[in-house]
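Since every read-out is calculated from the coordinates, none of them should be taken as a lab result. Bear in mind that the values here come from a model prediction, so they are computed numbers and not experimental data. Glycine also receives a Cβ, built like all others from the backbone with ideal geometry; neighbour counts cover every protein chain displayed.
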């Protein structure tokens, strides 16, 4: 059934949103990490999305012109990459810190807890919206099956 494809779309969005929540949580957890295995402070990570499939007008038209041919392309969203945020680190004067440089400054991660909190609120709302859409389609499918009895 074609309307069940929306379950795949919502499911892909739920998966991508969950990964973004995990990355934001990692950013918040490392907001004060001044030394990583690379030697420098923690660098904020950003999740990038991309559509799984974008159908062009010509592809849709060709599918509709061929009556027996159905569009079996997968649609939805996926995480294309998790990239490091290139913004500069914040220098904080703390000469007693073992990670301080010669001038007494410690380079702090480029993680802003307020921005991360706002990003988490945004992705939580997107997750909830996709979950609502998923449950609505699931409910319609259950009702359709009940009508068939």
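Figures for the structure shown
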read-out: Cα gyration tensor shape of segment 4-57, rounded if a/c is under 1.5, else prolate or oblate by comparing a/b with b/c; value: prolate
read-out: For segment 74-147: relative contact order, % (alpha-carbon pairs under 8 angstrom, 6 or more apart); value: 18 percent
read-out: Computed FRET value (nearest 0.05) for residue 92 with residue 8, which takes r as the C-beta separation and R₀ as 41 Å; value: 0.30
read-out: Per-peptide average of other Cβ atoms within 10 Å, ordering 9-20, 92-103, 37-48 highest first; value: 9-20, 37-48, 92-103
read-out: Shape category assigned to segment 69-149 from the gyration tensor of Cα positions, a/c cut at 1.5; value: prolate
read-out: Cα shape, segment 93-137, gyration tensor, a/c 1.5 rule; value: prolate
